[in-house]
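For reference, the structure is listed below as structure tokens.
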Amino acid sequence: MLLLTASSPVAAQTGIEDYRPVFETVRAEDGRKLIAIRRFRRNGEEFLLTVEPQSLATQIRPLAWTVADGTPDTSKLDGTPYFSALTALTNPPYKIENTGLVHAMLPVDGVFLTVDLCPSHRAYEAHFFAELARVSAREGRPTPVAISISGYWALEHQSEWTALIEAERRRQIDITWVNHSYTHRYARGLPDAQNFLLMPNTDFEREVLKTEELLIARGLTPSVFFRFPGLVSDEYLVLKLRKLGLIPLGADAWLAKGRRAKPGSIVLVHGNGNEPLGIREVQPYLADTRVKWLPLREAITGR
């Protein structure tokens, strides 16, 4: 059964210093070429957040485990799934809503479950996450789920966050941690073009990096995906995101808005208690043994 009452507070002192974006190629211990997108110090030791450009897998690696390769020659990365997606999904046109990865880029035989955790005073959808654990037991493998986590939700729901981490440790779910910004800025009544991260005085880089720091402080690894709050962005934010090495994540099946999933769809529901309709709408998909849930990276790699 999914544990829902575990508790482990976020450490007040993470020990993380000088957390900053980079974009460099490095060699792993086995000679594989990786892309370093972040560098930081923790307890006096230098670390990198790296991306494997074929699989999109990310990893926190001690700098001492790598050999510097210098600034990437992008011509040698053009054919890799990571760099191809990073470029294609941050190119024009720049729609104000739902830009980026909204459907699998290659044919696949399943769908992708994404769950947003925007800031909320409500309890999270415990029964929904317990249902994912039951699907895992039925299928004999952890159910892949991409959780788009905001920093403010994480700070205000530490025991629930811990329960999700524990569920993955018990192989009840397989989580891809998607960055959903730190504060998830929003003002009721403002038009999209002036709302969310498009509000004046938004420090976009801080919104991205502070959430990554929170994840790393909990022993988790940020993915290469970022979901804009409200799915709202503009050209400036998308190009800034590209410079940070992250891929914008949208959705073509926001269930609470009446959208339906088909093969290759990116399904969106809210697990923060704010959108129970979406949780109800996803239940038939979870009950259907013909539906195959896939890890989010396969929307780009196809495998």
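In table form, for the structure just shown:
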read-out	value
Residue among Leu209, Leu237, Leu214 that alone is surrounded by 17 or more Cβ atoms within 10 Å (Cβ to Cβ), more than 17 Å from Ser148 (Cα to Cα) and modelled with pLDDT of 95 or more	Leu237
Residues being crowded, with 19+ Cβ neighbours inside 10 Å and either more than 19 Å from the chain's Cα centre (by Cα) or not hydroxyl-bearing (Ser, Thr, Tyr) (or both) - total across segment 111-150	21
Within segment 27-45, considering residues that are over 24 Å from the mean Cα position of the chain (by Cα) and in a strand (DSSP E or B), the one modelled with the highest pLDDT	Glu45
Restricting segment 80-115 to residues that are among the small types (Gly, Ala, Ser) and in a loop (DSSP other than H, G, I, E, B), the residue that is nearest to Val238 (Cα to Cα)	Gly100
Condition check for Phe225: within 20 Å of the chain's Cα centre (by Cα) and either free of Cβ contacts under 8 Å to residues at least 60 places away in the same chain or surrounded by fewer than 17 Cβ atoms within 10 Å (Cβ to Cβ) (or both)	no
All positions within segment 86-101 that are closer than 23 Å to Gly278 by Cα and crowded, with 22+ Cβ neighbours inside 10 Å	Thr99, Gly100, Leu101
Residue identified as in a loop (DSSP other than H, G, I, E, B) and buried (at least 17 other Cβ atoms within 10 Å of the Cβ) among Ala261, Ala299	Ala261
Flag if Thr50 is surrounded by fewer than 19 Cβ atoms within 10 Å (Cβ to Cβ) and either part of a strand (DSSP E or B) or of a type in the set (Val, Ile, Thr) (or both)	no
Any pair with Cβ under 8 angstrom, 6 or more apart, that starts in segment 275-303 at a residue that is in the same structural domain as Ser223 (by TED's automatic domain parsing) and without any contact (Cβ under 8 Å) to a residue 40 or more places away in the chain and ends at one that is buried (at least 19 other Cβ atoms within 10 Å of the Cβ) and among the aliphatic types (A, V, I, L, M)	Glu275/Val269; Leu277/Leu255; Gly278/Leu255; Gly278/Leu268; Gly278/Val269; Glu281/Leu255; Glu281/Val269
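The values are calculated or read from the model by the stated rules, or taken from the named source; none is laboratory data. Just so it is clear, the structure is predicted and the values come from calculations on it, not from any experiment. Here the Cβ is made from the backbone with ideal geometry for all residues, glycine too, and neighbour counts use every protein chain on show.
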